[in-house]
Structure formats: structure tokens, C-alpha cells
Amino acid sequence: MAQVVLQVVGVGLVALVGWWLLDNLGGSLGRQGIPRDFDFLTGPTGFDIPENPGFDPRLPVWRMLLIAFQNTVLATVVGIIIATVLGLIIGISRLSSNWLANKGSLLYVETFRNIPVLVVIIFVSIAVFQSGPLPIISEAWEFKLPGSDTNWLIVSKTRIAIPSLISESNYIVFWVIVAVSAIVAAVVWVWRTNIANQTGKAHHRVTWSAGVFIALAVIAFVALGRPYSWSWPAKADNNFSYVDGFSTSAAYLSLTAGVGLYTASHIAEVVRGSILSVSKGQTEASESIALNSFQKYRFVILPQALRVAVPSITNNYLNLTKNTSLGAAVGYAELATLTRSSYAGGNPAPQSILIMMCAYLVLSLIISLLANGFNRTLKLKER
């Protein structure tokens, strides 16, 4: 009973403090004549968005925030991929018997882990795009497909352009079929797992599931008359911008590479510690049945190490997400940068910051939800 009373009192105190803070904020805004509603979201943005020439400053603020959130998601996803792949490779290399691989990975970890992420982002921007190899490019370098005038890659001082896909007719139907194909592939995964559990035969669930998914997606793509087509990059008439394809700015590349390299140093240590937590007997057992190094890590060590690693890696993903707010240092138009520009232009700061906080919260909760769902699949099931 005493615990219930303490919990009720605690919740009441938190609610009281929250009410007092909101009342104080409302009073301060009222005295200064600052609106307390969110009507500013339908007003004009009033400024251009860097690296987004198609944006009209007369468009409403909510459209600007949507683009800012999209840019943040893009930097987060690519940064997570870089950090995961690089962190896994370096973490395994830290335990290698090869002297060069071991010491090289140790140097990487101790270097990037002990430098502020903001410094890493700025260093990448300066070392690569301002004072490094790319500034020697006087004109954009165009790499063409063999035997044609079509570019598959364009590299300049400030941008890199690659091919992209553009939607045609029936693309919505295509994605509906892709979603259904993913569900079918998941069913096939469960089916193959059950067969392996019942008969002891190899499940080959990755091959079966991927094969079914790809086959259904390809059939849908052809049957719907190719709902997507390639858009190849090309230089505009002014030679300073690109048309078609997908181009990335130096600011975006600096931010994603910076947060990816920094976070990889932390993930590498998580991977190393997780591998060391696996019983030495497991390694000896895998070697006794003549598994090679790849098979030993793929089938024995990493599946067990993941149970330890996933929670800590998830925390690093969340830190990477929040570190994308440092994009202002290199001029990338992410959520925090454009929010600051918005309230600097006269929009109410409390509401703008609240929206930004909610956006980061939603993105972090989605990452946590996905990671926790994956972590549940790794739990040992008692029989």
C-alpha cells in the first residue's frame, strides 16, 4: 500500500511541476505578445532551403519542416548503415591474430572514439571537400557507361550524382505487391525454420525467403509495365548543377560520413566485447567440426554475440540520430538547422522547438521499436 501511495504522490508532483512550467511559459508568451497557437505552420516559410532549389519560400512552414525531417531521416539511415558495417568489420578485426588488422583497428577506435563528433564532421568536410582530393577537380568528372553517352557517375568539388529511379504508372500497386511479397517471404521463413526444427535438415531460409521475395517483385515489375525507370545524371546547361539522377551535396556527405565514422568506433567496441562474452568452448567446438573462420563467426559466434550487442548498438543508433542535428556546422539543411532558421525569422520559438523535439522523439522511438523487435527474435526459447 505504501508503494502505491508513493507512486501516486510522485506522479502528482510531476504533474504539478509540469502544470507550473506550462503556466509560466504561457504567461511569459502572453506578456511578450508571442502567439501560443500553431497557426504559423500554415504561413509562408520566408526563406530558401539549401540544396533544394525547387522549394518556394512562399510554401507553408509545415512543408519546410517535412523536408527537414526527410533530410534528417536520410542522414540517419545512411549513417546507421555506414556505422554498422564499418563497426562490425573493425570489431572483428580487433580480435584478429593478424598484427596489421589488429593494430590498425585499434588505432581507428582509439582515434575516432576520443574526438568529438562535431570535430569529425568538420574534418571530413575540410579534408575531403575543401582542402582534400576533390578540390583538385577543376570541372565535373563524368563517368559514362561503356559504349554510350549516358553518365553513371558525376563527381565535382561539391556534389556527387548517381542514377536514380523515377516513378511511372502503377507504382502504388507495385509497392502494395512488394509489401505482400514481404509477408509471403516471412511465411516462407517460418515454414523453412519449422522444417529444420522437425527434421534436422538445413533450413536455407535466407535463400528461400529472398528467392520468393525477389521472384514476386520481379514478376510484379514486369506485369505492371515497369512502374519505375532509370534516371541518369547529366550536367545542366550552366555546368554548375545537375539534372536528372540523384545528387548529394558535400554537406550531406560530410555529415553522414562524420557521424558514421564516429559511431562505428563505438559499435566496434560493442562488437568486440560481445564476441568476448561468448564462451571460449563455443569457439573450440566450432573449430573441432572444421568450420572455417567465416562459418565460425556466421553460425556460432555472432548469433550468440548479437544477444549481448543489440541493446548497446541500439543506443549508438539513437546517439547517431541526435548527432545529425550538428549538420548546421557544414550547412546541411536538417531538422535542427531549419527549425533555428524558422524561429530566427519570426516564428514562435517554443512551438518550433516542441515540434522539433517531437520529430526526434518519433524517429528515435521507431528505431527503438525496430531494434527491440529484432532483439526479441534473438531470445533463447525454452523447450
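Derivation of every value follows stated rules applied to the coordinates shown; laboratory data play no part. In this text the structure is predicted, and so the values were computed from the model without any measurement. Methodologically, a virtual Cβ is constructed for each residue, glycine included, from the backbone with ideal geometry; neighbour enumeration extends over all protein chains shown.
Here is how the numbers come out for the structure above:
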| quantity | calculated |
| --- | --- |
| Charge-dipole axis of the chain as Lys and Arg at +1 and Asp and Glu at -1 on Cβ define it, positive-most pick from Val180, Phe221, Gly260 | Val180 |
| Gain upon complete extension [Ala210, Val5; 0.36 nm per residue less C-alpha separation] | 68.4 nm |
| In nm, spacing of pseudo-spin labels at Asp56 and Ala196 (7 Å Cα→C-beta vector) | 5.5 nm |
| Residues Leu291, Leu335, Leu65 arranged by fewest to most Cβ contacts within 10 Å | Leu291, Leu65, Leu335 |
| Theoretical ellipticity at 222 nm over the chain - DSSP helices of four or more residues, -39500 (n - 2.57) apiece, nearest 500 | -21000 deg cm²/dmol |
| Simple spin-label estimate for Glu287 and Arg31 in nanometres, 7 Å along Cα-Cβ | 7.3 nm |
| With at most 14 other Cβ atoms within 10 Å, longest stretch of the chain clear of loop GluC sites (Glu not before Pro) (DSSP) | 169-381 |
| Full-extension gain in nm, Tyr228 to Glu110, via 0.36 nm per residue minus C-alpha separation | 38.0 nm |
| Within-14-Å neighbourhood charge of Tyr262 [Cβ basis; K, R +1; D, E -1] | 0 |
| Over 29 Å between alpha carbons, listed pairs Lys144/Lys322; Lys103/Lys280; Lys201/Lys296; Lys235/Lys322 | Lys144/Lys322; Lys235/Lys322 |
| Residue exposure sequence - Thr337, Thr377 - by fewest surrounding Cβ within 10 Å | Thr377, Thr337 |
| Size of electric dipole in the chain: Cβ of Lys, Arg +1 and of Asp, Glu -1, about Cα centre, debye, nearest 20 | 1340 debye |
